[in-house]
1. What's the exposure ranking of C57, C126, going from fewest to most Cβ atoms within 10 Å?
2. Over 20 Å between C-alpha atoms is what I'm after, so list which of K130/K155; K75/K118; K75/K141; K41/K87; K34/K273 land there.
3. Given a 10 angstrom Cα cut-off, can you work out which residue in N188, N95, N11 is the most mobile in a GNM of the chain?
4. Once every DSSP H run of n ≥ 4 in the chain is given -39500 (n - 2.57) and the sum is divided by its residues, what mean residue ellipticity at 222 nm do you get, rounded to the nearest 500 deg cm²/dmol?
5. Please rank V76, V96, fewest neighbouring Cβ atoms within 10 Å first, as an exposure proxy.
6. Can you list the residues, at least 5 places off or on another chain, whose amide H is less than 5 Å from the amide H of I260, using H built in the peptide plane?
7. Expected output is a single nm value to one decimal: the length gained when fully extending between A205 and D89, i.e. 0.36 nm times separation in residues minus the C-alpha distance. What is it?
8. Please work out the C-alpha center-to-center distance from the stretch 192-208 to the stretch 125-151 and express it in whole Å.
Amino acid sequence: MVDIAGIKMKNPVMVASGTFGYGEEYSELIDLNKLGAIVTKSITLNPRPGNPPPRICETPAGMLNSIGLQNDGLKVFIEKQLPFLSKFDVPVIVNVAGETIDEYVEVSRTLSREPMVKGIELNISCPNVKKGGMAFGIDPKATKELIEEVRASTKLPLIAKLSPNVTDITVIAKAAVSAGADALSLINTVLGMAIDIKTKKPKLATVTGGLSGPAIKPIAIRMVWQVAQVVKVPIIGIGGIMNAEDAYEFLLAGASAVQIGTANFVDVETPIKIIEGLNKYMAT
Ligand code: DHB
């Protein structure tokens with residue numbers, strides 16, 4: 001049993017926001033009950049259509065995406081997506097995004113009334129929207145203000161998901177914890193860009209996007225290690241984890257749990273294989 005800020009999990013392996021939808025498609029492919037926790041794709045107050053395509057492209061050892069926080073909004077989440085997940089014996093952590101502090105607060109407050117929701121992960125690190133998102137996670141004052149307001153609106157465990165697109169991530173980590181975050185998850189995607197040399201055009205319609213996958217793992221390991229030196233709250237390590245060895249590396253850097261993201265697109269069994277593989281390392 002692993003306890004992250006009061007969220008009780010069978011093991012330290014979660015699936016990362018945006019790579020697992022709301023579990024429905026994956027439930028036909030793997031046993032969701034085996035997962036430590038499921039983190040949903042970001043929920044916003046109102047439905048969002050997301051950014052125009054193309055919005056995903058492959059890069060060496062990774063991928064770039066610019067989805068633009070596409071989701072069906074809070075109402076559909078509570079009426080359809082959450083009830084589906086309630087059928088499983090796995091903690092649901094809802095990733096929350098917004099354009100304004102009020103939006104984060106309203107979504108978080110409403111989610112607090114749902115017994116199936118075991119925690120909130122605040123997306124203050126989406127690189128692909130004009131308003132909100134990463135803007136809250138690259139400035140310590142904005143981070144603190146947002147988390148203080150959300151903290152006052154919910155008793156649920158609050159996890160702040162940090163952006164790597166900063167000069168010193170420890171400054172943001174400390175601001176998040178001082179504002180009341182119970183745990184930190186890091187890292188979100190690294191801002192990147194790719195150009196198709198045949199068309200001479202950017203590969204993503206939004207030009208820039210978020211880089212994920214093994215390409216970012218050493219950055220993530222470095223940041224988890226740096227943050228672990230300055231905060232006492234649990235850290236959830238994310239960034240290019242493909243196998244149990246990668247996951248163990250994050251635990252050695254100072255993480256208490258991990259999230260599997262891009263690897264879900266390569267092999268849907270990755271989280272299950274990592275859960276099994278980690279047992280060997282945890283026993284030593
Ligand atoms: C999106 C959000 C993120 O937090 C991220 O890292 C990448 C993409 C998005 O929905 O565009």
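Each reported figure results from applying straightforward, stated rules to the coordinates on display, with no laboratory input. On a predicted model such as this, the values are computed, not experimentally measured, just so you know. Glycine also receives a Cβ, built like all others from the backbone with ideal geometry; neighbour counts cover every protein chain displayed.
1. Working: C57 16, C126 27.
In increasing order of surrounding Cβ atoms, one gets C57, C126.
2. Values: K130/K155 30 Å; K75/K118 18 Å; K75/K141 31 Å; K41/K87 18 Å; K34/K273 11 Å.
Violating the 20 Å Cα-Cα cut-off are K130/K155; K75/K141.
3. Of N188, N95, N11, the Gaussian network model singles out N11 as fluctuating most.
4. On the way: 10 runs with 84 residues, N = 284.
Taking each H run of at least 4 residues, the total per residue is -8000 deg cm²/dmol.
5. Working: V76 14, V96 29.
Fewest-to-most Cβ neighbours within 10 Å comes out as V76, V96.
6. Correct list: M14, V15, A16.
7. 37.9 nm
8. 27
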